[in-house]
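The values are calculated or read from the model by the stated rules, or taken from the named source; none is laboratory data. Computed from a predicted structure; not experimentally measured. Here the Cβ positions follow ideal geometry from the backbone for every residue, glycine too, while neighbour counts run over all protein chains shown.
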Amino acid sequence: MENWVQGKTILITGGTSGLGQCLADRFLDNGSKVFVIGRNENDVIKKTNYTILRCDFTKLKDIQLLVDQLHTMSLTIDILVLNAGILSPKKYMETPDGFELSYQVNFLSHVLLYKLLSKKSDFKPDLVVNTSSPIYTKGQLDIDKVSNKGDYKLFQSYANSKLFMALFSEKLSNEGMTSFSFNPGTFSSGIYRQQEKWFHSLYKVAAPFMVSADKVADALFHIISSKEWINGKMINKRAKVKTLKAYNSIQKQTFWQYVDEQIKPFVRELNKKTT
């Protein structure tokens, strides 16, 4: 099959470590031009056709600044990989924008990024990939529990954010985009940075026995480059379709209206700049 990703321009969130960085390397090896988004100023890796853009997903204002930067660069994004993520912290943590940390970093910031990019007339990517997790099956589409400070649970918050990413691919597909969500399985990554020191130590012991981010990146790159996906569906690293729970249209419509209200001030501000 023709290598359709060769020469394409790729934008990867969470692309300076773990799966995102490994995936960026695969694209670079295949002749793509890669832009990755990282949260630290010191994320500096010099490679040909490789550019790091700084953006902190705990600050929605940073998303606006990033899109402004991309606009000045006149990029044509062919493949957008929404991959940045964090394991929910043990205790409830709120971003400066007032949202539960993992909800914003794993999901809401990605929706805002896509929404702001879509306001550009030249933003017509060939593919949008949303990184999910095997834990998405435990997620709940319940807006009353999205950021419930009084009943916060690490496991549930993370599962919800990864379910929402899967549903985002479904939504994009219904809107005429080509998108799939990716279930990478359990693998060695750095999403645990908000956990306590004992968790870091335990993870370092277990990591050598886990599937590496390199192998997961190999699988995802193969799925993308060989087009082994079904639009709007969840695909695992073996290129098999995984089932999403069937929510009724009213539930999903209510949820997306709720999300739109949360990002509306930032979208409205962009509209003012472009009118």
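If the Cβ limit is 7 Å and pairs must be 6+ apart or interchain, which residue in segment 90-118 that is farther than 11 Å from Leu60 by Cβ and in contact (Cβ under 8 Å) with a residue 24 or more places away in the chain pairs with which residue that is in a loop (DSSP other than H, G, I, E, B) and among the charged types (D, E, K, R)?
Cβ pairs passing all conditions: Lys90/Glu196.
What about Ser132, is it more than 30 Å from Ser74 (Cβ to Cβ) and not charged (D, E, K, R)?
Yes.
I'd like the residue in segment 10-37 that is outside any helix (DSSP H, G or I) and more than 17 Å from the chain's Cα centre (by Cα) and, out of all such residues, is surrounded by the most Cβ atoms within 10 Å (Cβ to Cβ).
Ser32
Do you know which of the residues in segment 128-142 that are buried (at least 21 other Cβ atoms within 10 Å of the Cβ) and hydrophobic (A, V, I, L, M, F, W, C) is nearest to Gly15 (Cα to Cα)?
Here the answer is Val129.
If I filter segment 155-175 for residues that are at pLDDT 95 or above, outside any helix (DSSP H, G or I) and surrounded by fewer than 23 Cβ atoms within 10 Å (Cβ to Cβ), do I get at least one hit?
There is at least one residue in segment 155-175 that is at pLDDT 95 or above, outside any helix (DSSP H, G or I) and surrounded by fewer than 23 Cβ atoms within 10 Å (Cβ to Cβ).
Every residue in segment 213-248 that is of a type in the set (A, V, I, L, M) and outside any helix (DSSP H, G or I), please.
Selection gives Ile230, Met234, Ile235, Ala239, Val241, Leu244, Ala246.
Here are Leu53, Leu80, Leu66: which of them is in contact with a Phe, Trp or Tyr (Cβ under 9 Å, 6 or more places away or on another chain), touching a residue at least 24 places away in the same chain (Cβ under 8 Å) and of a type in the set (A, V, I, L, M, F, W, C)?
The match here is Leu80.
Restricting attention to segment 64-75, does a residue exist that is over 20 Å from Asp260 (Cβ atoms), out of contact with any helix residue (DSSP H, G or I) (no Cβ under 7 Å at 6 or more places or on another chain), part of a helix (DSSP H, G or I) and charged (D, E, K, R)?
The answer is yes, given that some residue of segment 64-75 is over 20 Å from Asp260 (Cβ atoms), out of contact with any helix residue (DSSP H, G or I) (no Cβ under 7 Å at 6 or more places or on another chain), part of a helix (DSSP H, G or I) and charged (D, E, K, R).
Restricting to segment 51-101, and then to whatever is crowded, with 17+ Cβ neighbours inside 10 Å and hydroxyl-bearing (Ser, Thr, Tyr), can you tell me which residue is modelled with the lowest pLDDT?
Ser88
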